[in-house]
Each structure stands twice: as C-alpha cells, then as structure tokens.
Amino acid sequence: MREKILHLLKKYPQEHVSGEKLSEQLGVSRTAIWKHINALREEGYNIESIPRKGYILRESPDILTAVEIQGELHTSLLGKKIMHFDSIGSTNDKAKDLALQGAEEGTVIIAEEQIKGRGRRGSQWVSPKGKGIWMSIILRPDVLPKNAPKFTLLSAVAVAQAIREVTALPVQIKWPNDIIYQNKKVCGILTEMSAEMDFINYIVVGMGININESIKDFPEEIQGKATSLREIKGENISRQRLVRSILENLEKFYLEFVKEQNFQKVLELWKSMSGILGKEVRAMGNNDVIQGIAVDINQEGALIIKEDNGKIHEITFGEVSL
Ligand code: BTN
C-alpha cells in the first residue's frame, strides 16, 4: 500500500493529492491513508499535508527500495524485480536461495544493512545500516562455466565505471575485482556460481560499496585499508543514483558479452582502469607467493605476472597486493 501511495504522489509532483482521491483510487479508508503517510514520514519521506487540499511529496530519502530505484532506471533486464530489505543476513545468501527456487535472471536483492555480510575467502564484510550499497544480482548466462571469471571482471568494470560517472572520482580496479582509490578499498565483489560441467545454473554477483561511512564506521583493523566515497569526496553521495548506474552499466557489458560474444570492450576498460598493471605486486595463492610486475590480463581474465628472472605466471585466483 505504501508503494502505491508513493506512486500516486510521485505521479503528481506539482499538485496536492487529496486524501479522498487516494482513498478512492486505492480502495482503503482515509484514516488508513493517513496512517500509511505517517509511516512513510518515519521512513524519511517529507510529505506535506494541507487541510482540504491534500498531500504532496516534497522530498524522498536516499533509500534503496524498488519504487525509488525503478523510477528512473533505464534497463531491460537487470532490476525489473528488486527486493529490498531493511536488514538481512547476507544479500548473496538470499540471492542464492531465490535463484535455487527459480528466481528470474536480473532479480536484484538490496539491503540497508547486513548482519552476516560475507567477503571473499570467508572474511566478514561490515555493512552498516544505510551507509553503503549491499546488493546482489542474479544472472543466468547461457555460456560455458569456464567463462565464469569473465563475469567477475565484467562486474568490476561496471561498478568502477558507474562510480566514475556518478562521483567523477578516478577509482581503479585491483585484480580481480576490488575497486580502490589511492590503494584503499571502496568496493569488494563476491561472485558465486552454481554450475554443472557444461551449464551455468546461476551466478550471483554480490557487491559491497562503501559510500557514506566515516572512517570510524570501519573496524579498527581495516581503517588503514578501506575508505568510503564520502571520505574521499567530502560530501554525501546518492546511493540511488549509483545503484541505477551500476545496473545500467552492468547490463550493457553483460548483454554485449552473452548476446554478441564481445568481451573486448570489457578487457580494454579493465586495463585502462587497472591500478596494478605495470606495477610490482605480490600474488598470494593457496600455498605460494609470487612477486613480480603485473604485465597484463589475458582473454580469460587471468593476471599475468613477470618475475625478476623473466619467468611468467598466469594467476587465476588469489589475492594481490601492491
Ligand atoms: C570482498 O571480500 O572483497 C567481497 C565483498 C563482497 C560484499 C558484498 S555485500 C553484498 C553481498 N552480500 C554479501 O554477503 N557479500 C556481498
């Protein structure tokens, strides 16, 4: 009901909508309308009411509900269905459950807060309420599972591009898919997949982006390594605009790859936004550490490292540090 009221108020941005009209169109009493309006005000909506004229929406909060995101979203696949939670364990876990139950490709799960946010390699991902974007997207690409690493790169390129568009900050990508600014992490991506030998059942791309946190919102042990877009820019950033831009960019690169088999553009963008190519890096795999210059990424998305002695390594998984 609250969504329907918002739709109607947003439809008439310049005029007051009477309680009577709302109650007639939505088939509930005027008292019920009034209660919902008050609940919306508690969510942060600034709704003015004038006796005998009705209600007008003056300002909306920066929350990531379907109504707010879809209003100006220009996509044909991603975000047609958006599920928003005030608080959740992990959006990736929820997305995987839904994918198993047959959720459609493009379904987006967003939460204001995660209690059990997960990072790569079993780490914890701190996700304070209303401060960042904690979002997972369900994809069902009709390509062979060996292509999975490409979706990791593709997502990083889409998020980096979106952050650049919305904030004008020259963020960079650290292989495979961290987004960094001056070597501090602003975004991490956790891609999870369920597949058979020759068939991808689903891919869940989960992204955590630090937007409006201040440094003290991060646990002490990561305060030197992480930052937020607000800390860098010195002003609040619209989470809604960024979510829309991410979905639009991701859809563009995703469809180019799965429909037109064109991955070249993503590779080029990845390289142009890379924060590590040409630099000395340490790559930590399961048991070994490789140190050398990050010289390239190949068509499959593997990182190529050249050691001092000239030996070339192709890294397909692990962590890289500068
Ligand atoms: C990393 O370790 O860099 C990846 C972090 C991924 C965090 C995001 S937040 C939304 C989604 N849900 C999770 O539990 N994790 C991912």
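No value in this document is a laboratory result; all are computed from the given coordinates. These numbers come from a predicted model, not from an experiment. All Cβ positions, glycine included, derive from the backbone under ideal geometry; neighbour counts span all protein chains shown.
Report, in debye and to the nearest 20, how large the dipole of region 73-177 comes out about its Cα centre when Lys and Arg carry +1 and Asp and Glu carry -1 on their Cβ.
Approximately 400 debye in magnitude.
Using only Cα atoms, find the angle between the long axis of helix 239-260 and the longest principal axis of the chain, and express it within 0 to 90 degrees, rounded to the nearest 10.
The answer is roughly 50 degrees.
For region 178-322, what does the alpha-carbon gyration tensor say about shape, rounded, prolate or oblate, given a ≥ b ≥ c as the root eigenvalues, a/c under 1.5 as rounded, and a/b over b/c as prolate?
It comes out oblate by the Cα gyration axes.
For Asn46 paired with Arg241, estimate the spin-label separation in nm (one decimal), with each label point 7 Å from Cα along the Cα-to-Cβ line.
The two pseudo-label positions are separated by 1.7 nm.
What length, rounded to one decimal in nm, is gained on full extension from Ala39 through to Ser123, with 0.36 nm per residue of separation minus their alpha-carbon distance?
Roughly 26.6 nm would be gained on extension.
Cut-off 10 angstrom, C-alpha nodes, Gaussian network model of the chain. Which of Asp97, Asp288, Asp142 fluctuates the most?
Of the options given, Asp288 has the highest mean-square fluctuation.
Nearest 0.05, what FRET efficiency do Asp288 and Lys80 give at R0 = 41 Å with Cβ-Cβ as r?
After rounding, the FRET efficiency stands at 0.40.
Among the lysines, which have Cα under 21 Å from the Cα of Lys80 when same-chain residues fewer than 8 positions away are ignored?
Lys4, Lys10, Lys11, Lys94, Lys96, Lys252, Lys259
Evaluate E = 1/(1 + (r/R0)^6) for Glu280 and Met1, where r is the Cβ-Cβ distance and R0 equals 56 Å; express this FRET efficiency to the nearest 0.05.
The computed FRET efficiency comes out at 0.45.
At 7 Å along the Cα-to-beta-carbon direction for both Tyr12 and Ala32, put a label point, then send me their distance in nm to one decimal.
Calculated label separation equals 1.9 nm.
Given the options Leu22, Leu78, Leu153, state which has the largest fluctuation in a GNM of the chain using a 10 Å cut-off (strictly under) for Cα springs.
Leu22
Quote the convex hull volume per residue of the chain, based on C-alpha atoms, as a whole number of Å³.
149
Can you pull out the trypsin sites (Lys or Arg not before Pro) in region 52-102 that DSSP calls coil and that have at most 12 other Cβ atoms within 10 Å?
On the way: sites: Arg52, Lys53, Arg58, Lys80, Lys81, Lys94, Lys96; in loops: Arg52, Lys53, Lys80, Lys81.
Loop-located and lightly packed - Arg52.
Restricting to Cα pairs below 8 Å that are 6+ residues apart, what does the relative contact order work out to for the chain? Please round to a whole percent.
Here the relative contact order equals 13 percent.
At 20 °C and a viscosity of 1.002 mPa s, what translational diffusion coefficient does Stokes-Einstein give for region 1-139, taking Rh as the Kirkwood radius over Cα pairs? Give it in µm²/s as a whole number.
The diffusion coefficient I find is 128 µm²/s.
Given the options Asn201, Asn92, Asn249, state which has the largest fluctuation in a GNM of the chain using a 10 Å cut-off (strictly under) for Cα springs.
Asn201
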